[in-house]
Amino acid sequence: MTRTLIQGGWVVGFDGRSHQLLRDGSVLFDDNGEILHVGHRFDGQAERTIDARGMLVMPGLINTHLHLGTNAPHAFFLDQTKADYFGANFYAYSVPKRGAAESRAASRADVEQLYGLWAAIRGGATTVLDIGSRNGDELVKVVGEVGARVYCGPAFKSYSYGFDEAGRIQWDDDPSSGKAGLARAVAFAQKHDGSHGGRVRCMLYPAQLDTCSVELLNATRMAADENGLRISLHAAMNLIEFHRILREHGRTSLQLLHEIGFLRHDVLLGHCVFHAHHSWAHYPYVDDLKLLADSGASVAHAPYKYAKMGIMLESLERYRQMGINVALGTDTFPQDMISEMRLAGLMCRFAEGSFRVGTARDVFDAATLGGAKALGRDDLGRLKAGARADIVLVDLRGAHYGAVHDPIRSLVEYASASDIDTVIVDGRTLIEGRKAVAIDEAALLANVQESGERTWAGVAEWRWNGATVDEIAPITYPLVAEP
């Protein structure tokens, strides 16, 4: 058995309750993927040594909400041919006109999804939650080959979105598809959960709250209990959903989930922005966040996606003070968890009008311990003996850092994914010296560019108004043709 010693850097250790910093610390792990030692020094033998001087040695980050295979379609994210849909941005790149296949229908596990996974790893994530996985068996194979740690599973729903000829969003009822989809999701989990040495885990992914009937949500809750699976659901994610649920059920989104007994400690809610007291919702008749806090459910917060639309969580500090577990996810590209931490802190300060909130500690905890708690894992998101050897080394010696007094604050305020030197998942090195070890990155990027060109060329075939990519997402400056 090979043991590897990382020594000489700022080590983010764990004391059983919270992170702590060890200057000139050491971490020992083996090729079975287990951390054996974390401390100031290690005097034993190791077959391999990594010199981490000038680096931050931190637990791998946990990206709790992203959609693999959506890189090229995100060109449509801020659709210039229509308004913002009250925050329902994904309609622009995911929902087709009736009778047409949507933009991701032809995505491949070995190209688009692999790129999304690799981008997340490049962004510092050693655990990734793919929300509503496509190409299930092929994706699991790709995960195994790359060496990633992924939570996955197919989405299911009892309503499908579609645009009519006037560009109005519609919900087409198909209850039988929801029941069949749940059965397929359970079968997928029974087949793949725990595969590739435990690096592949499965969850149940009812798609969005407004595409799931109460009957389907209750069936999902029962299936999760019977099969020991966790659940992730998009909820309170846009104002259209908020008003639709309120109109149909006389309850807010979170109130409905609470009253049917869906919310528990094993539920991770994607986004959860539009609670009753959010300034856009302004519904002062129920304390949604109190219901959420009492339930023990977690929130996957993706600040960059909402910031691009001029929307913010109100607020990370308020959720934290109420005892709600908040994790972080990127959702859209880039899959840079370091930048996501920075923006989570800044948006919290904007929401509260205070510089004393959204601290580096708060957002680093969310990206590590918050994600681990959401998954029910005490062996992820921390560096301690017995934990999985998911480790990231960040080079703090760049000119943009200057003097480093607090490496966590320097990470959050100054760093980006480009500063990540090494990524180790389950004891296997995927990136070393900033270079890809696990894949042929140049070939992947070439394939992704080719795929993107095809996606953009075919947009008029599924768009309700036949718009082209240049109408939906105009190039920033005029493109001058070669004479």
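List of remarks:
- Hypothetical label at Glu248: residues of region 71-103 whose amide nitrogen lies under 20 Å (7 Å Cα-Cβ projection): 85-92, 94-99
- DSSP bridge pairs, the chain: antiparallel proportion in percent, nearest 5: 50 percent
- This model, with +1 at the C-beta of Lys and Arg and -1 at the C-beta of Asp and Glu, gives the chain a dipole about its Cα centre of some 720 debye.
- Think of each Lys and Arg Cβ as +1 and each Asp and Glu Cβ as -1; about the Cα centre, that makes the dipole of region 392-431 roughly 40 debye.
- Using a cut-off of 21 Å between Cα atoms, the listed pairs Lys97/Lys157; Lys82/Lys157; Lys157/Lys308 include Lys82/Lys157; Lys157/Lys308 as exceeding that distance.
- Simple spin-label estimate for Gln20 and Gln190 gives 4.7 nm between the two label positions (7 Å along the Cα-to-Cβ direction from each Cα).
- Across the options Ala385, Gly116, Ala438, the greatest Cα extent toward the positive end of the charge dipole of the chain (unit charges at beta carbon of Lys, Arg, Asp, Glu) belongs to Ala385.
- Simple label model, 7 Å out from Cα along Cβ direction - Glu441 to Asp110, nm: 2.2 nm
- Assuming charge only on the beta carbon of Lys and Arg (+1) and of Asp and Glu (-1), the dipole of region 142-194 about its Cα centre is about 300 debye to the nearest 20.
- Loop sites by DSSP among the GluC sites (Glu not before Pro) of the chain, restricted to those with at most 12 other Cβ atoms within 10 angstrom, leave 166-483 as the longest stretch without any of them.
- Residues within the reach of a label modelled at Val286 (point 7 angstrom out along Cα to beta-carbon, backbone nitrogen below 20 Å), restricted to region 139-181: there are none.
- Simple rule: put +1 on each Lys or Arg Cβ and -1 on each Asp or Glu Cβ in region 1-106, find the dipole, and look at Gly99, Phe77, Gly54; the Cα lying farthest toward the positive end is Gly99.
- With K and R counted +1 and D and E -1, the other residues having a Cβ less than 10 Å from that of Glu340 yield a net charge of 0.
- Alpha-carbon centroids, region 7-72 and region 401-438: separation in whole Å: 11 Å
- Among beta bridges that DSSP assigns inside region 83-187, antiparallel share in %, nearest 5: 55 percent
- Measuring nothing but protein heavy atoms, the accessible surface of region 357-429 at 1.4 Å probe radius is 47 percent carbon and sulfur.
- Counting only aspartates and glutamates at least 8 places from Lys305 when in the same chain, those with an alpha carbon closer than 18 Å to its own are Asp79, Asp84, Asp130, Glu241, Glu314, Asp331, Asp336, Glu340.
- Computed label-point distance, nm, for sites Glu226 and Ser177 using a 7 Å Cα→Cβ extension: 2.3 nm
- Dipole of the chain [Lys/Arg +1, Asp/Glu -1 at C-beta], most positive-end residue of Ser177, Gly194, Ala372: Ala372
The values are calculated or read from the model by the stated rules, or taken from the named source; none is laboratory data. This structure is a prediction, so every number in the text was calculated from the model and none was measured. As a convention, Cβ positions derive from the backbone with ideal geometry for all residues, glycine included, and neighbour counts pool all protein chains shown. The accessibility values were calculated without ligands, DNA or RNA, using every heavy atom of the protein model including side chains. Shrake-Rupley method; radii C 1.70, N 1.55, O 1.52, S 1.80 Å.
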